[in-house]
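The values are calculated or read from the model by the stated rules, or taken from the named source; none is laboratory data. All figures in this text were calculated on a predicted structure; none of them were measured in a lab. No Cβ is skipped: glycine too gets one built from the backbone with ideal geometry, and neighbour counts run over all protein chains shown. In case anyone asks, the SASA skips ligands and DNA or RNA and just uses the protein heavy atoms, side chains included. Shrake-Rupley method; radii C 1.70, N 1.55, O 1.52, S 1.80 Å.
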Amino acid sequence: MPAADGSAEEFRRRGHAVVVGASLAGLRAAETLREEGFAGTLTMIGDEPHEPYDRPPLSKQVLLGRTGAGDTLLPRRRALEARWLLGTAATGLDLAGRRVRLAGGEEVRYDRLLIATGTRARPWIKETEAALDGVLTLRTGDDAARLARRLDARPRRVLVIGAGFTGSEITSACRERGIDVTVAERGPAPLVGALGGVVGAVAAELHHAHGVDLRCGITVTALEGDPAGRLRCAHLSDGTTLEADAAVVALGAVRNTEWLAGSGLAAGPRGVACDAGCRAFDVHGIVTDDVFVAGDVARSPHPLFGYQFLSLEHWGNAVAQAEVAAHNMVSPGPERRPHLWLPAFWSAQFGINIKSVGVPPMGRELAIVQGSLAERRFAAVYGHQGRVIAAVTFDHGRWLPFYGRLIETAAPFPPDFAQVDRAPGGPRPIPAEFPDPALPTHGPTVTLSGYAPSERRVTFVPARV
Amino acid sequence: MDLNRCEAYAQCAFQAPDVFAMHGEEALMYEPCPGDERREQVMRAAASCPVQAILVEWPGGPAVPEGAATGARG
Ligand SMILES: Cc1cc2nc3c(=O)[nH]c(=O)nc-3n(C[C@H](O)[C@H](O)[C@H](O)COP(=O)(O)OP(=O)(O)OC[C@H]3O[C@@H](n4cnc5c(N)ncnc54)[C@H](O)[C@@H]3O)c2cc1C
Ligand code: SF4
């Protein structure tokens, strides 16, 4: 057991690194391990049968029919020399014995483990309805292939349930292909959980301008099939019925932590809690030294945001956190680094490039600092306790690094820049209109949760305190 | 593609129009696995991107070694 003495050098030379979850975070971590001189054995365990592929194109190019669902493999930064166990799910973890159990019953021993099992699409709540032909979700390449085939078959109407980023991108792709779409969103506007009601209202206008039948404040109460088991219609909470050939359930993601149940790790529905160095916590809130976490499944404290535990379902976070986790796996204590990445993501919908830095849902107020809501092209800065906490742009992406620096330097909010096209006195802050944080919304891509790392005694700390 | 980095300079779309295209004013659409005949174009595009948002790998370069439990690339 080379790393039993905790020697990073021993591990680097002869250890066994096991990565569970062979997608974006898993791949980039494995590459970083090798880049940093890890010469030991590397095992990649992934339950999907495919090599690591990229998900963002799945709801964009792939649905538009420009790219095949199988054609989004991630480019490799370097050769890995790894043992790949693909199509193989990890089903359990023995922390004391340092073993990962696999679906076939086999066990894989590790010296250091990286958990990168990400999330999956939240399924439709009623199983029999979810099983209807025409009821779909979108998370994997196979999901995208199924949905793209549906769209190729020219459905008369598609129902998109949930207007988060994924739902809105699906809606946008359908409209671009001339397919009629109805969107049912429980909240008051699309993207409201991630960006708030002010920006959500602009997203709603985009839907309307592109001919989407957008229904907010509405939930789907039932999906009904015909005798052959094909989706026929949906029943909505306002008492109406909607005929649709396909329904895409886009109600956010569920973290893949079930395989860790009973392992003693602080893993649960909100993810696997870890410290700023990506080391997993156990249920007692004690940090482990041989189990690391990265990507969508991780939940880690961020110094820029009051050490709140953040779960970031963002591509860039998966890459950055994987790099830090891998670095720390092969580095002795003093050389370890914290994961200080400034949250950022992009989305493309209705021909608009939406970008964000920071954590918008922490913002109470926002100020439009460039462009205007009316033009649907703008930069909005979000404030929290007198400082800039986030920025969101619609087709103003080039300015984002500037706003990123404001967040990193805790610049005051409301901002007062001389260089921006505003009246003297700076832009006027208005409430950002996030829904009550205690109420669930469809898939905010950032989840804020309490300080306590142990799931057993955790209390929910709302985004606004 | 790291579209967090992309600042929509459209250099890539200029160098490799079959692979990269602007969708609207700022959103970039691209073909994730372009064919070998686009290699030159794509290399030029990657080199011309002012923010290094494009990562390129071709078959023959790094790949999954023999014995991998998976199908072929692309
Ligand atoms: C359709 C879509 C569009 C997106 N668009 C954007 C975008 O525009 N911008 C942006 O910033 N982000 C976007 N994202 C989010 C981004 O893709 C994710 O943040 C990223 O994929 C996270 O990577 P990850 O490796 O942590 O997790 P994942 O990609 O979820 O990978 C986890 C892997 O682990 C596997 N796994 C799970 N459980 C087990 C187990 N028990 N044993 C073995 N393997 C297991 C899973 O099957 C999966 O392959 C999008 C996501 C989707 C689905
Ligand atoms: S050249 Fe780079 S910055 Fe410009 S559009 Fe292409 S990827 Fe984006």
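Among the conditions (1) open to solvent by 70 Å² or more (accessible area, probe 1.4 Å); (2) more than 9 Å from ligand 2 (Cβ to nearest atom), B:Gln52 misses just one, which is (2).
With respect to the stated conditions, A:Ala228 fails to be over 21 Å from A:Ala144 (Cα atoms) and within 28 Å of the chain's Cα centre (by Cα). The set of residues in segment A:273-299 that are open to solvent by 10 Å² or more (accessible area, probe 1.4 Å) and within 14 Å of ligand 1 (Cβ to nearest atom) contains only A:Asp296. Return a yes/no flag: does segment A:129-148 have any residue that is of a type in the set (Gly, Ala, Ser), within 13 Å of ligand 1 (Cβ to nearest atom) and open to solvent by 20 Å² or more (accessible area, probe 1.4 Å). Checked against the condition, which is being of a type in the set (Gly, Ala, Ser), within 13 Å of ligand 1 (Cβ to nearest atom) and open to solvent by 20 Å² or more (accessible area, probe 1.4 Å), segment A:129-148 yields at least one hit. Being in contact with a strand residue (DSSP E or B) (Cβ under 7 Å, 6 or more places away or on another chain), under 27 Å from A:Gly164 (Cα atoms) and crowded, with 24+ Cβ neighbours inside 10 Å is the filter here, so list the residues in segment A:253-272 that pass it. Passing the criteria: A:Gly271, A:Val272. Given (1) of a type outside the set (D, E, K, R); (2) within 11 Å of ligand 2 (Cβ to nearest atom); (3) open to solvent by 40 Å² or more (accessible area, probe 1.4 Å), where does B:Gly24 come up short, assuming only one miss? It is condition (2) that B:Gly24 fails.
Taken over segment A:32-82, residues that are at the interface with chain B (Cβ under 9 Å from one of its Cβ atoms), buried (at least 17 other Cβ atoms within 10 Å of the Cβ) and acidic (Asp, Glu) amount to 3. Looking at segment A:383-391, is at least one residue more than 14 Å from chain B (Cβ to nearest Cβ), surrounded by fewer than 24 Cβ atoms within 10 Å (Cβ to Cβ), of a type in the set (Gly, Ala, Ser) and part of a strand (DSSP E or B)? Yes, the conditions are met somewhere in segment A:383-391. Among all residues of segment A:337-346, there is none that is in contact with a strand residue (DSSP E or B) (Cβ under 8 Å, 6 or more places away or on another chain) and more than 23 Å from A:Ala318 (Cα to Cα).
Which is out of contact with any Cys (no Cβ under 7 Å at 6 or more places or on another chain), more than 14 Å from chain B (Cβ to nearest Cβ), without any contact (Cβ under 8 Å) to a residue 60 or more places away in the chain and not in a loop (DSSP other than H, G, I, E, B), of A:Pro301, A:Pro334? Just a single option satisfies the conditions, and that option is A:Pro334. Of the set (1) in a strand (DSSP E or B); (2) within 16 Å of A:Val248 (Cβ to Cβ), all apply to A:Ala163 but (1).
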